[in-house]
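What follows is a set of notes on a single structure, which appears directly below.
The values are calculated or read from the model by the stated rules, or taken from the named source; none is laboratory data. All values derive from a computational prediction rather than experimental measurement. Please note: Cβ atoms are built from the backbone with ideal geometry, for glycine as well, and neighbour counts cover all protein chains shown.
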Amino acid sequence: MNKWKVNVPDRELTEKLRKDTGLPEFICRILVSRGIASRESADRFFNSTELSDPMMIRDMDKAVKAVSEAVENGTKITIYGDYDCDGITSTYILYNYLEANAADVSWYIPDRDEGYGLNNAAIDLLKKQGTELIITVDNGISAVEEAKYIKQLGMKLVITDHHHVPDVLPEAEAVVDPHRPDDISEYKELAGCGVALKLLMALEAASGGDPESVFMQYADIAAVGTVADIVSLDGENRIIVREGMRLMENTENMGLNRLLLMSGYEPGTPITSSLIGFRVAPKINAAGRLASPKLAMELFMSPTFNTAATNSLNLCELNDERKKLEDEIIAQTDDLIRSDPDLLNKRLLIVCGDGWKHGVIGLASGELLKKYGKPNIVITKEGETSRGSARSTDDLHLYNMLESCSDKLIRFGGHTKAAGLTVSSDRLGEFIDAAYSYCSENIPMSCSNIITADMELSPEDLDISNIEPLENLEPFGEGNREPLFCIRNCTITSKKAIKDGKYTSFGFNTGGRELRAVHFGSTFDAFPFSEGDVADIITSLSINEFRGNRSITAFVKDMRYSGFRQDRYFAARTAYEDYRCGTVDRKLLCRMAPDNNELRTVYDILRKTGSLSKAEMLADRAGINCCKFRIILDIFGEFRLASADITRDSVKLLPAGQKADLTKSRVLAGLHEAAN
């Protein structure tokens, strides 16, 4: 169950922004909801077209000097990248630019098995191949020891990176990273490819060329890497992606062109950040996840359309395999939870499997976060060592948690909501216990994923004239998400299965307005709403055109019965988790025990329907909170009256056996005994 946060834009600020800018009132409400409440901030958001001077970034002058001298002197240069989409696009644009300027240049991207960033074995190989200058892209800022080794071997190093800076900087000819504390550049949130693009522009300016032409040449590739790296799409990133998407429609890069077409792009239509983020970038990332990032580099370097088509097909096939492996991990994870439901009754979900592909476990962790709304760690056991990938909600700072367990780990790294770790397999149990302990001490409430709506809409807001201008807010992504709206009191008027029941389409009426909605998050069989039910939804909105008719379509992100009591639900879920973990306040135990009427109510609901989807929501609708409902299911399970599948939030009535005397339940007895 997700938590809903529905913003309420300030009316006075909205009206002032409308008068000052002339923008539609509906758009102004969204902007104010996101903190863009002045004409100046709105103008920056919509009209910024130029990147700031690259030379403002600390050490950019030193990087330009070192690289320019290497090019002029015929020094052997190697671009050292990373195996994700940002690192691959960064490597390509710098390599392609230097090669076009007659540099003696090659590139190197480590496979995932080598690990992230510089390593001594790779450095030795580059030295053997004659490299004299290494330029990192999208990595290097933490490579203090590797930088010393490079200097010891007589090579030079230029670092370009965008990750947060450690206390000690590596020793290099230049360390270019906007996050340096002594950096005075205007914008700090560039992706690795954004930093590389600025290096190209600085190099071009230093040689007397036109930096703007370099930007126009590489913005399409840089836009792909920027969207893929999920950096904030405001400021200069917004400029790169907005212009890059425009140029992408007629890209001269044959590999990118073929990959767009194989990702469903229809020539002549605008390219969107959703197309890049959900269809194009995953195919590029699949190379580094399952095979070698070199395959993605070869795509961008394709010399002919036939080669580009072959390289694109290879990436598409890898991505299909990636999706299959990800689905298998999720299915195995569900099996683990079914066999031990208490895995979900802790503040942190930890699942372990043997031989799960470590290039895929991060994606699986992200899917588990969406599915269960809980911070989680997915761990794959690989012999003597195990690797883990974690994703989190706002409730848990992952890096701080891992730091508290660092004595149990071989290595770890990451940020607030995403992290990775390596642990000796014989210490895996110690780490898991330490992680659970940290979370139980530092997270007082049950964790949940938060969905934020920009505002609640009235029926009068649901007009095509309001929805059309939303495309002007593109590109959407981190820091500028697609607008979401809360629509309450939606009466379901019809429903049907789409894609063989994989998804659900339904009609609804709100205040006399009839709309069609699509719910990609629910199969038709699991869709719990019937005609006549009244629901609240959080949704995006778009214009649909069919046979000359235009209408609004809602793409549902989440859905509840109207009147759902969110605060009560999460308080009750917290109480049940604490009860299962043995940490609940004894004073609450008696209040948790269901009475005969409550037991009968749930049984009667099951007897009428046979099975329930979205069972906790339906129980709340019947006036039974989540904690009591789960305890009732424990009691029914004890007597083989019903079977609950926590992974689907579903309950199924079992064939009747002997009549059960629920007053003799061990669960109930345990509650009363513990309370006394």
Could you tell me whether the range 35-57 includes any residue that is free of Cβ contacts under 8 Å to residues at least 60 places away in the same chain, buried (at least 22 other Cβ atoms within 10 Å of the Cβ) and closer than 30 Å to A535 by Cα?
no
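Every residue, every condition in (1) of a type in the set (D, E); (2) more than 19 Å from R411 (Cα to Cα); (3) assigned by TED's automatic domain parsing to the domain that holds R411; (4) outside any helix (DSSP H, G or I), yes or no:
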site: I329; (1), (2), (3), (4): no, yes, no, no
site: G359; (1), (2), (3), (4): no, no, yes, yes
site: K374; (1), (2), (3), (4): no, yes, yes, yes
site: V378; (1), (2), (3), (4): no, no, yes, yes
Would you check which residues across the range 223-240 are among the aliphatic types (A, V, I, L, M) and either more than 20 Å from L473 (Cα to Cα) or out of contact with any helix residue (DSSP H, G or I) (no Cβ under 7 Å at 6 or more places or on another chain) (or both) and list them?
I230, I239
From the list K188, K198, which one is without any contact (Cβ under 8 Å) to a residue 24 or more places away in the chain and either assigned to a loop (DSSP other than H, G, I, E, B) or charged (D, E, K, R) (or both)?
K188
Return the total of residues in the range 461-477 being surrounded by fewer than 17 Cβ atoms within 10 Å (Cβ to Cβ), out of contact with any helix residue (DSSP H, G or I) (no Cβ under 9 Å at 6 or more places or on another chain) and either not in a helix (DSSP H, G or I) or not aliphatic (A, V, I, L, M) (or both).
2
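For the range 111-119, state whether one or more residues are assigned to a helix (DSSP H, G or I) and free of Cβ contacts under 8 Å to residues at least 40 places away in the same chain. Quick ask: steps written out before the conclusion?
Of all residues in the range 111-119, those assigned to a helix (DSSP H, G or I) come to 112-114.
Filter once more, keeping what is free of Cβ contacts under 8 Å to residues at least 40 places away in the same chain: 113-114.
Yes: one or more hits.
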For Y80, all conditions in the list (1) closer than 23 Å to A202 by Cα; (2) surrounded by fewer than 22 Cβ atoms within 10 Å (Cβ to Cβ); (3) not aliphatic (A, V, I, L, M) hold save one; what is the number of the exception?
(2)
Single match in A526, A593, A571 (criterion: among the hydrophobic types (A, V, I, L, M, F, W, C) and not assigned by TED's automatic domain parsing to the domain that holds L662):
A526
Whichever residue in the range 537-551 is in a strand (DSSP E or B) and farther than 11 Å from F485 by Cβ and, among such residues, is nearest to the chain's Cα centre (by Cα)
S542
Take L169 and tell me if it is part of a loop (DSSP other than H, G, I, E, B), touching a strand residue (DSSP E or B) at 6+ places or on another chain (Cβ under 9 Å) and either outside the structural domain of V241 (by TED's automatic domain parsing) or more than 18 Å from I77 (Cα to Cα) (or both).
yes
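Could you please find all residues in the range 102-118 being surrounded by fewer than 16 Cβ atoms within 10 Å (Cβ to Cβ) and either touching a His at 6+ places or on another chain (Cβ under 8 Å) or at pLDDT 95 or above (or both)? First the steps, then the outcome.
If we filter the range 102-118 for residues that are surrounded by fewer than 16 Cβ atoms within 10 Å (Cβ to Cβ), which is where we start, we get 102, 111, 113-115.
Result: A102, single match.
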Could you check the range 559-676 for helices (runs of 4 or more DSSP H) lying wholly inside it with 2 or more residues that are within 36 Å of the chain's Cα centre (by Cα)?
566-581, 615-621, 626-638
Among the residues of the range 442-460, what is the count of those that are part of a loop (DSSP other than H, G, I, E, B), exposed (fewer than 13 other Cβ atoms within 10 Å of the Cβ) and modelled with pLDDT of 90 or more?
1
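Quick one: which helices (runs of 4 or more DSSP H) lie wholly within the range 252-310 and hold at least 1 residues that are basic (K, R), over 24 Å from D111 (Cα atoms) and modelled with pLDDT of 95 or more? Explain how you work it out, then say what you get.
Details: elements: 254-262, 281-290, 294-300.
The qualifying helices (runs of 4 or more DSSP H) are 254-262.
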Hey, among the residues in the range 498-526 that are basic (K, R) and not in a loop (DSSP other than H, G, I, E, B), which one's nearest to E456 (Cα to Cα)?
R513
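Residue by residue, here is whether (1) modelled with pLDDT of 95 or more; (2) surrounded by fewer than 17 Cβ atoms within 10 Å (Cβ to Cβ); (3) in contact with a strand residue (DSSP E or B) (Cβ under 8 Å, 6 or more places away or on another chain) holds:
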position: I538; (1), (2), (3): yes, no, yes
position: F546; (1), (2), (3): no, yes, no
position: S551; (1), (2), (3): no, yes, yes
position: T583; (1), (2), (3): no, yes, no
position: L588; (1), (2), (3): no, yes, no
Do you know which residues across the range 503-530 are among the charged types (D, E, K, R), closer than 27 Å to K371 by Cα and in contact with a Phe, Trp or Tyr (Cβ under 9 Å, 6 or more places away or on another chain)?
R516
Give just the number: which of (1) in contact (Cβ under 8 Å) with a residue 12 or more places away in the chain; (2) more than 20 Å from N509 (Cα to Cα) does V534 not satisfy?
(2)
Result of the Cβ filter at 6 Å on the range 127-143, keeping first residues that are over 18 Å from A63 (Cβ atoms) and partners that are among the hydrophobic types (A, V, I, L, M, F, W, C) and at pLDDT 95 or above, at least 6 apart or interchain, is K127/L153
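Determine if the range 507-515 includes at least one residue that is among the β-branched types (V, I, T), farther than 23 Å from N625 by Cα and in contact with a Gly (Cβ under 9 Å, 6 or more places away or on another chain). Talk me through it step by step, then tell me what you get.
Here is the first cut: in the range 507-515, the residues among the β-branched types (V, I, T) are 510.
Restricting the remaining residues to those that are farther than 23 Å from N625 by Cα gives 510.
So of that shortlist, the ones also in contact with a Gly (Cβ under 9 Å, 6 or more places away or on another chain) come out as none.
No.
Looking for something among the aromatic types (F, W, Y) and touching a strand residue (DSSP E or B) at 6+ places or on another chain (Cβ under 8 Å) - is there at least one such residue anywhere in the range 65-82?
yes
Would you check which residues across the range 412-441 are among the β-branched types (V, I, T) and either in a loop (DSSP other than H, G, I, E, B) or under 12 Å from L396 (Cβ atoms) (or both) and list them?
We begin by selecting, within the range 412-441, every residue among the β-branched types (V, I, T); these are 416, 422-423, 432.
Passing the criteria: only T416.
Can L295 be described as under 29 Å from F476 (Cβ atoms), surrounded by fewer than 18 Cβ atoms within 10 Å (Cβ to Cβ), outside the structural domain of R242 (by TED's automatic domain parsing) and of a type outside the set (D, E, K, R)? Outline the logic, then answer.
Values: under 29 Å from F476 (Cβ atoms): yes; surrounded by fewer than 18 Cβ atoms within 10 Å (Cβ to Cβ): no; outside the structural domain of R242 (by TED's automatic domain parsing): yes; of a type outside the set (D, E, K, R): yes.
Taking the combined requirement at face value, the residue does not satisfy it.
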